[in-house]
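Below you'll find the structure, written out as structure tokens, and then a few comments.
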Amino acid sequence: MIVTCPACDTRYTVPDGNLGGTTGRRVRCAHCGNLWHYSPEAAAIHAAIAETAAARDTATVAPPRPLIPPPPAVETERPSPPHLNTEAAASMTAAPRVDPDMAPPPPAGLTRPAVATEVPGAVRRRRRYIAEIVLILLLIVVVVVLALARDRIAQFAPAVRPLIARLQLSEPATAGLSVTVTPSRSGDSLVIDGDITNSASSARQVPRIRVALRDANKDEVDSKEISPPVGELAPGAKAHFTTGFDHPSAAATGVAVTFATE
């Protein structure tokens, strides 16, 4: 019996007794590995379909008529179909049916590498994060510029002064001003001589001066405020003042001089 593989059309010569009679049996193609159930009815149907398809192809596509008659055909011996030995026929029937769920996984080297994808939401979050960082850096730069050039900015842009004051970037009004005093007694009076020095790099307004007498416990026993000798001191300038207390308290042992704004 000639058995033809329905997948690759390879033909085999198999003894009739090895094909299961009228019930047929499962066979496997040694050429392409196709596994199918062979039966005489299925083989007849397959042969009829093949003949019909061949006849249709022959009737549809007619070869062009050659201008020169073809040479006479030379008859050649047609090779006989390959014979299957007993072991091959046995292997055709012994092929077990493989359950797709029980099939082993492919080798690790043949697995498809995972492709990292980024969803649009992650892209938006990353862009928002970068924008926030850039905004923070810009704010830091603005604050540093205001802190380093606050005087020049306030001079040319007076409208910015409230912002500088709110951000506490401006120096105290008495920054750079220092006071040194020398107390001395004259009869029943205490005379205090003092000097105000401006060590800042720019001119400073001189506020009112507060003079206090303290006892041994640093508690004030008397105090007074006086006007400064000048309203403004240039950089490096010095101004002298003198004040005193008539009949000071006997508990007074020290003098503390500060600016009234402190």
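The values are calculated or read from the model by the stated rules, or taken from the named source; none is laboratory data. This is a predicted model, so every value here is computed, not measured. In this analysis, Cβ positions are derived from the backbone assuming ideal geometry, glycine residues included, and neighbour counts consider all displayed protein chains.
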(request) Six or more apart or on different chains, Cβ under 6 Å: which pairs go from a residue in segment 179-191 that's assigned to a strand (DSSP E or B) to one that's loosely packed, with under 14 Cβ neighbours inside 10 Å? Could you list them? (result) S189/D246; V191/S184
(request) Evaluate segment 206-224: report whether one residue or more is closer than 30 Å to I153 by Cβ and either of a type in the set (S, T, Y) or assigned by TED's automatic domain parsing to the domain that holds V143 (or both). (result) no
(request) Pick out the one residue from L177, L167, L163, L190 that is of a type in the set (A, V, I, L, M, F, W, C), modelled with pLDDT of 90 or more and under 53 Å from the mean Cα position of the chain (by Cα). (result) L177
